[in-house]
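The values are calculated or read from the model by the stated rules, or taken from the named source; none is laboratory data. If you're wondering where the values come from, they're calculated on a predicted model, not measured in any experiment. Cβ placement follows ideal geometry from the backbone for every residue including glycine, while neighbour counts extend to all protein chains displayed. Side chains included, ligands, DNA and RNA excluded: accessible areas come from the protein's heavy atoms. Shrake-Rupley method; radii C 1.70, N 1.55, O 1.52, S 1.80 Å.
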Amino acid sequence: MSIKKRWQFILSSLIRHRKHFMLSSIGIVTGIMAFSFFWALSAGVSQVVLGEIFPVKTLEVVPRSLGVNVGPIQLGLGADALTQKSVTAIQAVPNVTKVYPKMKVTTPMVGVGGKKYLGNDLQIEILAEGIDPGLVAGDVDSQFKFEATPVSAPLQSCKTDLQCGDNGYCYDAPNLSWRYQNLNPGFAYCRHYIPVLASQHLVEIFNGVVRRAHDFPKLNPQFVIGYDWDIILGSSVVRRSEASKKYHYKVRLVGFSDQAMWLGLTFPLPVVQKFNTLFHGAEAAQTFHSVTVKVDRKDQIAAVSQKIEQLGFDIKDSGAARASFIILVTTLVFLVISLIIVGVAAVNIMHVYFMLIYERQVEIGLMRALGAKRSDIRWVILGEAGLVGIMSGIVGVVLALLSSQVIDYISRYYVPDFPYKPSSYFVFDAGVVVTAVLLSVGFCMLGAYFPASRAAKVDPARVLTGQ
Amino acid sequence: MEAISLVVVGHLKKNYQPKQCILNDVNLRIEDAEFVAITGKSGSGKTTLLNIIGGLDSDYEGQVEVAGKVLSTLSDDELSAYRNSHVGFVFQSFHLMPHLSCLENVLLPSAFNQGKAVETAFTQQALALLAMVGVAEKAHEFPNCLSGGQQQRVAIARALLMQPKLLLCDEPTGSLDDESAGDIIQLFAKLNAEQGMTIVVVTHDADVALKATRTIHLRQCGVMEEGQCL
Ligand SMILES: Nc1ncnc2c1ncn2[C@@H]1O[C@H](COP(=O)(O)OP(=O)(O)OP(=O)(O)O)[C@@H](O)[C@H]1O
Ligand SMILES: [Mg+2]
């Protein structure tokens, strides 16, 4: 029997028995719908959690220190910083593409600004670190640069910011409203803004929590790029921590980055090296606090971590491992439930098929008497099941897609904002669709397998001429 | 040496349950172009014998040879091919598929044909057969719209589509009124006389037996009597 003839039989029989097939596929549609729904949900949640909350493209290496609790205080035993030598050693580990040392600002700093957007100047203590500009090249807004631009001699005198170009401001020390140590009192000259990066977390926390406490407007992260404010290095809200020297700078936000500090500002590394040198001497420029390690491929992360730990460093737990584990387990639970539904549906399909084959035994017997082979009969029955499977799979995915749209709609318009609230909780990619349809086809054909064998064994003599 | 017969049945034994006696040592020859009627009491094994010759039943002892093929040596697929191209079946209850038109019903065996014949050739053949059996104008109607006699004619056309050597009919007139039955018997006689078709008809109907060139009477437990030849 030719393939074309077989398909003609399959289609004509599907059309003739469409009611039976529709009934028999309800279970499989439900199962496939659940399966693709949970898969897409898990992919969507993973995307937010692993892509935005805990990006895991890199490793964060920190010095190994043993915390010893002494009353309320934990005394650190071992190194508290990484030297240039440590950085070189980490760079030498196989499969490490590149290392990017990071340095915390070791002097307190206060930021002042925000009037333009919030109606009032905020004055807050700022934590900051320096990062290798190479690590964040892609995150910097195209109209700005993320680099240290030292003031070049001779100094260009000025009266207004406009005289200092797009990336500069007029540094007019005596007219500033707070007290600080000025390097060149009485002389106004042009300076570059210091570029800083912030983390998306900061915006999320501001929009989700801070602004509610202070009744500020919600910030659009894209819009605040380019905004500038003042920082006073050496100043602190904790009076005891105030340094004897203070330096004033203006900083400008040039982008958001996954690599940026969660609660703080991220400067180009040379800037922080300079800051720390100002207060702690030349050696501070070579004292790093962590190293970001880029690995060739994600799957090498485990091996590289192990090597680095053997070198005597620690890997900072980003929380990503735990988060992805929880997502994985939850997803597996739901997928197993979906598979059980699909499995039960396959049993249901088997019953319907046995019934159908009983009903159609004369037809099958006649086909056999007229020359159909056993394999022809089996092929036709399995082909019917396969087609039903494809259709159920598609219907299941479409239903899952529709319900995800409904949920996203409800979330968008009826659920209040929360940090990292995604515009969609679902990711339907080709993988979900293909897997769902294959699964559906597989289980339909599995359900039809025994009925097909029985059909192939129908005895034409009995059903056509028997009493 | 005698020319080989179309059907040779030798020492055929068949029972469905142990100790049962349905066919026991049946020996039978049917020559090419014969019109044979098989008669016998209900339960004597007529249908069983016909199914064995037609390759629908391969669970028996003894030898059955049709057109030089020893049926017991054929695989299941080969038996399917044999049923498709060497024999045509006509059943008491027609067994036409209700969802197919008469023409499509006649064409059904061609779907299982393993040769490379062209579809249009089959369609022409089917239309010619429908005309020959006298229901040409019903080709595109569904079987439900036809009388019993007409349905049986369509079934006969279907049995003839693949140009079999042997037509096996199990009580073909059993469900028909006398007039239609007479027409069908007439058709068999014509097929046999004009085209030399070998026909084996199982029947209770004395009229059929009279038209046949030979009558074989089956008795319970396979004892056979030859009827008078016409
Ligand atoms: N599939 C079967 N399983 C068990 N016994 C069967 C089967 N088919 C037929 N028989 C028995 O075998 C015997 C012969 O049956 P068969 O149908 O060949 O008789 P028959 O001569 O065609 O009868 P009828 O004239 O009533 O059609 C009967 O006793 C019948 O009950
Ligand atoms: Mg019978």
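Observations, loosely collected:
- Filter pass, B:E179 being of a type outside the set (F, W, Y) and within 13 Å of the chain's Cα centre (by Cα): no
- Residue within the range B:173-190 that is within 16 Å of ligand 1 (Cβ to nearest atom), open to solvent by less than 20 Å² (accessible area, probe 1.4 Å) and within 14 Å of chain A (Cβ to nearest Cβ) present: no
- B:L6 vs. criteria among the aliphatic types (A, V, I, L, M), within 12 Å of ligand 1 (Cβ to nearest atom) and out of contact with any Cys (no Cβ under 6 Å at 6 or more places or on another chain): no
- B:C21 away from ligand 2 (no atom under 16 Å from the Cβ), in contact with a helix residue (DSSP H, G or I) (Cβ under 6 Å, 6 or more places away or on another chain) and farther than 28 Å from B:A189 by Cβ: yes
- Flag for B:T198 being closer than 20 Å to B:A157 by Cβ, at pLDDT 90 or above and within 17 Å of the chain's Cα centre (by Cα): yes
- Filter result (under 24 Å from the mean Cα position of the chain (by Cα) and without any contact (Cβ under 8 Å) to a residue 60 or more places away in the chain) within the range A:382-400: none
- Filtered by the rule that a residue be assigned to a loop (DSSP other than H, G, I, E, B) and at the interface with chain A (Cβ under 8 Å from one of its Cβ atoms), the range B:81-92 gives B:F91, B:Q92.
- Residue count for the range A:316-371, restricted to those that are open to solvent by less than 40 Å² (accessible area, probe 1.4 Å), within 30 Å of B:L100 (Cα to Cα) and in a helix (DSSP H, G or I): 13
Listed here are the residues, each with its yes/no results for (1) over 25 Å from A:L82 (Cβ atoms); (2) open to solvent by less than 70 Å² (accessible area, probe 1.4 Å); (3) aromatic (F, W, Y).
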residue	(1), (2), (3)
A:H214	yes, no, no
A:Q222	yes, no, no
A:Y227	yes, yes, yes
A:H248	yes, yes, no
A:S257	no, yes, no
A:Q273	no, yes, no
A:H289	no, yes, no
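- Residue that is among the acidic types (D, E) and either within 14 Å of another protein chain (Cβ to nearest Cβ) or on the phi > 0 side of the Ramachandran plot (or both), where the choices are B:E119, B:E137: B:E119
- Among the residues listed as B:H95, B:H99, the single one being touching a helix residue (DSSP H, G or I) at 6+ places or on another chain (Cβ under 6 Å), within 9 Å of chain A (Cβ to nearest Cβ) and open to solvent by 50 Å² or more (accessible area, probe 1.4 Å): B:H99
- Per-region count, the range B:1-13, residues modelled with pLDDT of 90 or more and either in a loop (DSSP other than H, G, I, E, B) or within 16 Å of ligand 2 (Cβ to nearest atom) (or both): 1
- Taken together, the residues in the range B:47-72 that are within 16 Å of ligand 1 (Cβ to nearest atom), in contact (Cβ under 8 Å) with a residue 40 or more places away in the chain and open to solvent by 50 Å² or more (accessible area, probe 1.4 Å) amount to 2.
- Of the criteria (1) crowded, with 16+ Cβ neighbours inside 10 Å; (2) at pLDDT 80 or above; (3) in a helix (DSSP H, G or I), which one A:Q8 fails: (1)
- Unmet requirement for B:N113, which otherwise passes all of (1) open to solvent by 20 Å² or more (accessible area, probe 1.4 Å); (2) without any contact (Cβ under 8 Å) to a residue 40 or more places away in the chain; (3) within 13 Å of chain A (Cβ to nearest Cβ); (4) not charged (D, E, K, R): (2)
- Among (1) within 10 Å of chain A (Cβ to nearest Cβ); (2) open to solvent by less than 10 Å² (accessible area, probe 1.4 Å), the one test that B:S44 misses: (1)
- Residue check for A:P422: more than 16 Å from ligand 1 (Cβ to nearest atom), farther than 28 Å from A:A345 by Cα and either in a helix (DSSP H, G or I) or open to solvent by less than 50 Å² (accessible area, probe 1.4 Å) (or both): yes
- Among (1) out of contact with any strand residue (DSSP E or B) (no Cβ under 9 Å at 6 or more places or on another chain); (2) modelled with pLDDT under 85; (3) within 16 Å of A:H289 (Cβ to Cβ) - the single one A:D80 does not satisfy: (1)
- Which numbered condition A:F313 misses (of (1) under 33 Å from the mean Cα position of the chain (by Cα); (2) loosely packed, with under 15 Cβ neighbours inside 10 Å; (3) not polar (S, T, N, Q)): (2)
- Flag if A:I407 is among the β-branched types (V, I, T) and within 14 Å of chain B (Cβ to nearest Cβ): no
- Residue within the range A:449-458 that is more than 14 Å from chain B (Cβ to nearest Cβ), closer than 26 Å to A:T30 by Cα and open to solvent by 30 Å² or more (accessible area, probe 1.4 Å) present: yes
- Consider the range B:28-51 and keep the residues that are more than 16 Å from B:V64 (Cα to Cα) and assigned to a loop (DSSP other than H, G, I, E, B). The one that is farthest from ligand 2 (Cβ to nearest atom) is B:A33.
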